Every structure is written in structure tokens, then in C-alpha cells.
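Worksheet for the structure shown next.
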Amino acid sequence: MARIELVNLSKSFGAVAAVKNVDLAIEDGEFVVLVGPSGCGKTTTLRMVAGFEDPSGGEIRIDGRVVNDLEPRDRGLGMVFQTHALFPHKTVRQNVEFGLRMKNMPPAARAARVAEVAELVRITHLLDKMPSQCSGGESQRVALARTLVTHPSTFLLDEPLSSLDAKLRRELRAECDRLHQTLKRTFIYVTHDQEEAMTLADRIVVMRAGEVVQIGSPMEIYSDPVNSFVADFFGSPSMNLLSGEIAQDGGLPRFRAGRIELALPERFKAAKPGAATLGIRPEHVGLGRDGKGDVELPVRLVEPLGRDTLLYFDAGSERAFVAVSEGLAMADVSVGAPIRLSFDPRRLYVFGTDGRRIFGGAG
Amino acid sequence: MAMTKSQRRRIAAVVRYGVLSLWALVAFFPIYWMVSTSFKPDNQWFSWPPVYFPDPPTLSNYLNVWFGAGQYDVTQYAISSQKPLVSLWNSTVIATTSTFLSVLFGSLLAYGVSRYRILSEARMFQLLMLRMIPPIVVVAPLSLYYSALGLLDSRTGLILVYFLTTLPYAVWMTKSFIDEVPREVEQAAEILGASRWRTVFEIVLPLIRSGLVATFLFILILTWSEYLLALIITKTQVTTLPIELSKYQGTTEGRVYGRQAALAVGITIPLMIVGLIIRKHLARGFSFGMVRR
Amino acid sequence: MPVASPSLPSPASGGGSADVLPPSRRAVSRTRAVRQFKLTLLLPLIALFAFVLVPVLLLQLYFSFHQWTVYLGSWWDAEFVGFDMFESVFTDARFGWAVLRSLAFATGSTLGCFVCGFALAYLMHKPFRGHALYYIVFILPMLTVPVVVSYTAEMMLYRNGPVNGIISALTGLDFQVSWLTDPNIALVTVALLEIWNWTPFTFIILLAGLAAIPKEPIEAAEILGASNWRIFWEVQVPLLRPVIMLALVLRFLEAMAEFPKTWALFQGGPGSATETLPVYIFMTTWQYFEISKGAAMSYVVMLLMIAIVLVAIHLLRREKRSLDTMYAQEAAEG
């Protein structure tokens, strides 16, 4: 059992508060991803769990026991670093068996364990090589093996894929996933890539400026963002956010922003007039040449990507309004042509001036 | 008048080679003179006009000074035959031991400063500057203190002092190497169960091996050529090579140029070889954080 | 391949299932472990200071306030004389001259080393044919033992010696300077030796400094039409300030402390022409056996040097800080 709790955790470096009041409970076997823009405190939080940073306030508990003052090696954790951090002067085998040597495991047992893990991660052919002879992807797998071999109860991973190219990243991402399914251990994973978070996590912890913004499953984060920051951060291409105002026109509230004006759905009828931001994801914008739709906008740019086509519209502001169309059906649209857009009313969000979601999502 | 690139280059090359060659001559001549004098027979040591190349070259100076063959007739003084060799041994032992201690403890201190900030930047500079206080101001009480402790005229005494005076350099030089070892490698070792000491000796120090060697050789040069402290602390039992040379010069009324030169060559050549080996690292040893890496 | 999950190691637990690794030590307090480690690392330094440096400094202080000569026997018999010793130091004209000579020597030789070193570094900082060979020759003077330098000088600088001979040949004049016997020239002789011996030092670090300057700003300036001269003054020199400061400061301090060359060659003479501070202190203590006066003098000199050193530290730290911020910006943008 390895239940990890972060209780009111904070960390300041001098006057700078890097982490503020983080509360999080991670269940045994969960794959939790800490995600956010750089500087949001996710890595600092991870390093506090590992024991490389001392918290300025709050507690870290593993299985109910407060571990703030325990050395990293006594916490039963394993860690994979962004730069793989292999020992350059030792062979791959020596790297992998290092943890076992530290625990005074006899050579025979060590060799067996190393062989077992090498099979699991498919680096058996590399065992007698030096780290400098391994490619980026191989090195990271050796790093995984080195951690796996000590059977930690929890795996900490600090942006392990950032230094790899896109193809390798996808490969190793699948590897991480596979390991998690196989080992059924707790994984705490830090990344700035929202795609990684969405695909790997059981639960996502979104952080910004040292604070936890939202915790939820990928689905929840995607469909029920708690504010415009989260809504904008997840999803690619990102959600369209139109800042404008809500006006009451007799019965139903209407939203106005630049060239766009539309009636808000029934569920939003309690919306107060004033400045607000409307959100809708590009994939939820319907496109038609047939004249049906809520709004008409001229096309600014067409990007046929093969699987989809992205269309950028001029909505009367700097930032283009984006819509996604499947396939290449709309690829031949000319710039300047007016297209009618329909917004799926179930996928509309309204955010207040402070960014918090007022309406939309699950309610 | 706008010069073409090649015209400008040619002029620049002439100036450059001219000035550099002039200085090369200035730099090299004394060394050449020392070496050539060491091979000169005694009638050419200070003749007029000066003899620039020994004719014929002879090994008698070396044989006499280092191996005690033959006497020098004019002053009827023959230096005790094996003395320079004994001094050579002393110098070697003292220099290597104190340098080893300096590099060992210096690198441990440097690790502490680099990773745990056991000394602030101000203290680091103060440590460096400590070395800049002229040793002359402490040699008198030092020799009294040593005589009270029984360390006067001993190798241990000199080793201790050299350890103290070279430690600042050792710390500064090794710190710049340690700073380049990525911290994540150490953290990986720590979380895998390595103790701090093991991390230092099994992970960090092996990774800066070439830097440690360069530091060692650099400090070796300093301890090998040190004069004042050796002069005060050594009396009769122990002498180092620089003192040996000085004694030789004193007792032979300084005219035994050829023999002196032979002695000087023996002291200097090892140093030059070492210095040339580490020449790429000299810049780093002297930079003290003032040069961007 | 399911693997059993080990429990968090607790101090008292033993083995467990075959797959669970037993803890190899008791869990220790991290803050305590870190503190112990830091202390152990500092221990040798503290020990050296406490057992060697501090007693010596205290002893020196004691002697500067007590009249003692070697003939008195035990130290504790020396009588307390208050500030008498210091008074005799400050009223000693010879001491005053020694201070002046040291300052002149240090300033002169530092400037000489700097100018020569900079010129050499500037001419060498762009690679060219034979560059490596020149580098080797240029660092040789620094690799000689200072005592050897002075004895070799003695062999070369006598009136009818090779140095005068070569200069005569090169200039066509009958150059017969008495480097070793003319009291007006003696200090200059030592200064020239010092410059010869230590120019490699300034050369090496200035070269390193020049090499560390990024090429792009210089190339940009060239294309914008700046002459080499302007580039030198407006681009290279400002970026070299930290190394220049380092070269000047370190050389000055070391020159103030110079002893072997001066002593070995001249022993303070001819007359008292080369009585620099280190030489005068040495003579007072080891030739005239005025231990107490030597002690007081040493303390005065030490305080003087500490003052200079504090200024030096301030200057160097300021330069280091500006260097750090310059390149931190670059790192952040890059």
C-alpha cells in the first residue's frame, strides 16, 4: 500500500512562493499527472515528495506517516529524471544494479533481478554498453529499468519525455502506460504537455502559479474546466475564448463580441448582463455552406491537415476563431468567403471576468 | 585609403609575428642560457665575450652536482655528494603529499560549497585572499610555534603548512569542475539508496577525474617551487630543492655557474614538463569565476 | 508480470516476502543528516585554522606587545611594552622607504605584466599558424622556480654578460648597464624579472577572457562599420573587465609579497636599494633578531594587506556579479 497525501504543502524560495497550499490525496496504484505551464510549481512539488526539497509548510504523508524529515532513500520511492541522469562512468548493467547494491543484495540475486527487469523494458542487449553509446530513447528506458529494479511502491517521473523527439515521445509514453498497467503501482508524473496528461492520467492535477487549479479525470478536465485557464490549456487546437458582453434583450440573454452575436441557450437564462467570456472548442463548431447556423464569419486562413481541416475566421479581434472540419471537405474554401457557423449549445461555456466558469459543462 | 582585406591581413601578420617572436625570444632566452650554461666547461661560465653555445658541451656539471663526481678546484668546495638527490627526494615527498591532502580535502570542501553552500561567496573570496597575505608576516611566530611542537625542520611541518596555503586554490579549482556535474545524477544515486559520502566518492569525484588531475598538477607546481616557508622551517635535517640551490649558491660564493645551472635545470625541468602537460587547464585554474564557461 | 508492492520500510521491520527488499538501515532524520554532513566537510578547514593559523596569529600579536629577543630564553619572560614596538615601526624611516619601494615595485611590475600580457593575448586570440608553439613558449617563464629565475639572472646580467651583449648587438649601441651592481637600477632589475616571470599569468587569463567573448556582437559591430579600434574599446574591453580586474588585483597582491627573487639576487642591496617590505621584515627578524619589532611590523603590514584585500574582494565580487547577470540574461533568452 502506498497512499500519498500532500497536506497544505507550501514551498518558498526566499520571497518567491513556488508552491502554495497544495492539498492532494493519491491512492495506491493511481496514475496522477501534475500538469501546468513552466514555473507553476509542479516540479517543486514532485521534488518535495521525493525529498530533495524541504517543504516550507505542510506535510507529506506516505501511508499515513509524515515523511517530511525522511531521506529520499528511506521513502520507498523511485524517480526518473528529465535528463535520464544515468551514471556516465558506469556500464548500463552497473547503472541498473546500483540500487540493489545499495541495499546489499548479494551478486547472484542482483544479476537475476537485473536480467528480469532488462527483459521487461527490452534493454537486455544494452547491458554491457556505456550510457554514451545509448540513444535518447534507450537511455530513458535504462533509467526506467534502474528505478524498476528496486521495486519502489511509487514512481516519480519528472518530465521524462521532454528531451525526446516526437516519435520517441509517443513510443515511451506507451511504455509508461504499459508499465503502469503491468505493475499496478502509483505513478506521479509531471509534464507541461497537456496531451501527455490527457492520455496517461487516471487523474490530472492542474497547477498554475504554485496553486492547484483543478483536480479531476481527463474527461472532467476537458468537459468541465473550472476556469478559462484550464479550458484554454487543454485541447488542441485550444478552445475559442471570445471576450465580450452579455446583454439582456427582453427574455433571453444574448452574447456579443466583435462580429459575433448570438442568443444563449435556455440553461443560461440566469446570466447577468456585463462583461463575460464565451468559450467553445473548435471541434464543436459546426460548419455549413448551406446557410444554416448562428453566426456568419469570413474565412481568414484554411489549413488542410489531412485528417482534419482547420479554418481560421475573423471574429473582429486579434485572435482568430478556429473551427475544425473532418476530412478535406472544407479544404477548398477561399479566403474571405463567409461561412455560417453553428455552435452546439451543449458545448458552450461562459466565463466571468475573473476567469471562473459561470455556466456550461456538467452544470 | 581603404585597405583590402588581404593587405590588411598581411600587415597584421607581420606585426603579429614580429611582436610575438620578439617576446618569444625574451621568454625563452633565460631558459636557454640556463640550460646551455649547465653544459659549459668551467672556463666558459662567465667569459667575455659571452659564449652562447657550449664548446664543447660537457656533462661534468651534472655529474658533479647530482652525483658528486669530482671537486671544483678554485674554491675547493665540493658539495656533499648526495645532497641534491636527498633534497630531490624531500621535495618529491613533501610536494606530492601536501598536494594530495590539499586536493582531497579541497574537493570535499568544494563539493560542500557547490551543493550545500557551506561557505558563502564572500567567504570563498576571503579564503582566496587569505592566500594573498604575504607569508612573511607569519613566518617568525610560525617557526617558534613549530619548534614548540617539534615540527621544525621536519617534513611533516612543511607538508602541513603547504596544505594550509594551497587549500584555497584547491577549493576554487575543483569547485568549477564539480559545478559542471549535473545534480540529477547525484539525486538519482541518492534516491537509489546511496549515502552522501558514497555519492561523493563513487559518483561525483570519478566524473571529474581529469579536473582533479589538473588541479593536482597545478598545486604541485606551487608547492615544488615554494621558497620562503621552506627556508624558515627547514634547517639541517630537511631541505627542499629550492633551498638546496640557495645553499649551494651561498656556500660556493655564487660563481660556480655551470654547476648551479645543472642544479637549476634539475629543479626546473620536471616543473616545466608538468606545466606543459596541463597547459589546457591553466586558464581554468586562474579564472576564479571571472571568465564565462 | 505482477510484482508485489513493498511496504514502506519501518525501523523495526525485518524481511517480508521474497520480493520485498528489507530496509538496509534505520531511517534517519534528514535535517540532522544534512547538518552532520556539512559539519564534517568543514571540519578539516576549521581544524587547520584553529590549530595552525590562529595560534600563529595570536603568537604574533603577543610578540608585538612584548619585548623579546632570542637571548631571553623562554617566551613568557618577555616584558610588556605596550605600543612601543608599533611606535618604533612608525618612526622608522627605513620602514617607510620599504613601504614605498614595495608599492612602487608592485605597481610597476603589475602594469608591466598587464600590458605585456594583454598585448600577447590580443595578438594570440585569433588562431593562426604556429599559434600552439608560441603558446608553449610563452607559458614557460611561469613554470620556472622563482629562485632559479634570480640565479639565472645573475648568470646573465653581469656587466659583460649575454643580455647586455645581445641588446648591444640589436641596437648597435654599446649597452653596458650594471643590472646587478647599480643601486639606482637594482629595483628595476627585480621588477623586470618579475615581469618576465609572471607575464604568462596575465597572458593566460586575459587570453581566456578574450576567447570567452561571444563572436556575434563583434561580427555585428564589424558589419555595422566599426573599426577594430572601436570594437576593442566598446565591445571587448567592457566584457573583459572582470578578468582585467582579476589579473591586476592578484598580480598586485602577489607582487607586494614577493620575496625569493629579491632576496636571492640582492639580499636587500646594493645598500638598501631593494629593501622591499618582505625583505625588510625578514632582515629585522632573522638578521637583526629584533623579533618584537619584526612582529609589530608584520602586523602593520598584515593590516595594510587586509585593507587592500578587502577592497580587492569588493571589486572582484562586483565584477563577478556583473558577469553573472550578463550571462544569466543570455541563458534565459537562449
To the nearest 10 degrees, the tilt of helix C:162-171 (Cα long axis) against the first principal axis of the alpha carbons of chain C is 80
Quick calc, residue A:69 & residue A:209: beta-carbon distance into FRET formula, R0 35 Å, rounding 0.05, result 0.80
Over all pairs of different Cα atoms in chain C, the reciprocal of the mean inverse distance gives a Kirkwood radius in Å of 25.3
Expressed to one decimal in nm², the mean projection of the alpha carbon convex hull of region C:211-263 is 4.9
For peptide C:162-175, the mean count of other chain Cβ atoms within 10 Å per residue Cβ is 2
Calculated from DSSP helices alone, with each H run of at least 4 adding -39500 (n - 2.57) and the total divided by the residues of chain C, [θ]222 nm to the nearest 500 comes to -22000 deg cm²/dmol
When chain C is treated as a Gaussian network with springs between alpha carbons less than 10 Å apart, the largest mean-square fluctuation among C:301, C:28, C:145 is found at C:28
The rounded separation in angstrom of the Cα centers of region C:128-190 and region C:231-302 is 21
For C:154, A:220, ascending order of other Cβ atoms within 10 Å (fewest first) is A:220, C:154
Net charge near residue A:91 (other residues with Cβ under 9 Å of its Cβ; Lys, Arg +1; Asp, Glu -1) is +2
Cα extents of region B:117-239 per principal axis, largest first, Å, are 54, 30, 25
The exposure ranking of C:113, A:176, A:134, fewest beta-carbon neighbours within 10 Å first, is A:134, A:176, C:113
Computed Rg/Rh for chain A (Cα atoms; Rh = Kirkwood radius) stands at 1.07
Taking only the alpha-carbon atoms of region C:131-194, the convex hull volume per residue, in cubic angstrom, is 104
Charge tally for neighbours of residue A:218 with beta carbon under 12 Å away, counting Lys, Arg as +1 and Asp, Glu as -1, is -4
For A:151, A:192, ascending order of other Cβ atoms within 10 Å (fewest first) is A:192, A:151
In degrees, nearest 10, the alpha-carbon axis of helix B:136-149 is tilted away from the dominant principal axis of the alpha carbons of chain B by 80
If one compares the long axis through the Cα atoms of helix C:237-256 with the longest principal axis of the Cα atoms of chain C, the angle in degrees, nearest 10, works out at 60
The distance between the Cα centres of region A:42-109 and region A:163-220, in whole Å, is 20
In terms of the charge dipole of chain A, which places +1 on Lys and Arg and -1 on Asp and Glu at the beta carbon, the residue among A:52, A:149, A:251 farthest towards the positive end is A:149
Here the whole-number average of other chain Cβ atoms within 10 Å per Cβ of C:318-325 is 2
Lys and Arg at +1, Asp and Glu at -1: neighbours of residue C:257 with Cβ under 14 Å from its Cβ sum to 0
If R0 = 56 Å, then residue A:238 and residue C:227, at their Cβ-Cβ distance, give a FRET efficiency to the nearest 0.05 of 0.60
note: chain B, Cα-Cα separations exceeding 36 Å make up a percent value of 35
Kirkwood calc, region B:157-199, C-alpha pairs only, radius in angstrom 12.5
Expressed as a percent, the portion of alpha-carbon pairs in region A:197-339 spaced more than 20 Å apart is 56
Packing-ranked peptide list from A:113-123, C:315-325, B:104-114, highest mean Cβ count within 10 angstrom first, is B:104-114, A:113-123, C:315-325
quick note, the protein assembly as shown, DSSP beta bridge pairs, % antiparallel (nearest 5) is 80
Mean separation of Cα contacts under 8 Å (at least 6 apart) over the residue count of region A:34-190, i.e. the relative contact order in percent, is 29
If every Lys and Arg gets +1 and every Asp and Glu gets -1 at its Cβ, then about the Cα centre chain B yields a dipole, in debye to the nearest 20, of 1140
Mean-square fluctuation maximum in Gaussian network of chain C, Cα pairs under 10 Å, restricted to C:147, C:34, C:89, hits C:34
Inter-part gap, Cα centre of region A:276-312 to Cα centre of region B:133-159, in whole angstrom, is 87
Of every Cα-Cα pair in region A:1-156, the percentage lying beyond 26 Å is 35
Expressed in angstrom and ordered largest first, the alpha-carbon extents of the protein assembly as shown along the principal axes are 122, 85, 63
One would report the antiparallel percent of DSSP beta bridges in chain A, rounded to the nearest 5, as 75
Between the modelled labels at residue C:38 and residue A:267 (7 Å from Cα along Cα→Cβ) the distance in nm is 5.6
Per residue of B:16-28, other chain Cβ atoms within 10 Å number on average 6
In whole µm²/s, the translational diffusion coefficient that Stokes-Einstein assigns to region C:33-123, given a Kirkwood hydrodynamic radius over C-alpha pairs, 25 °C and 0.890 mPa s, equals 136
Highest GNM mean-square fluctuation among B:239, B:199, B:166, for chain B with Cα springs under 10 Å, belongs to B:199
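We did not get these values from a lab; they are worked out from the coordinates using the rules stated. Everything numeric in this text was worked out from a predicted model, so none of it was measured. A quick note on method: Cβ atoms are made from the backbone with ideal geometry, for glycine too, and the neighbour counts reach across all protein chains shown.
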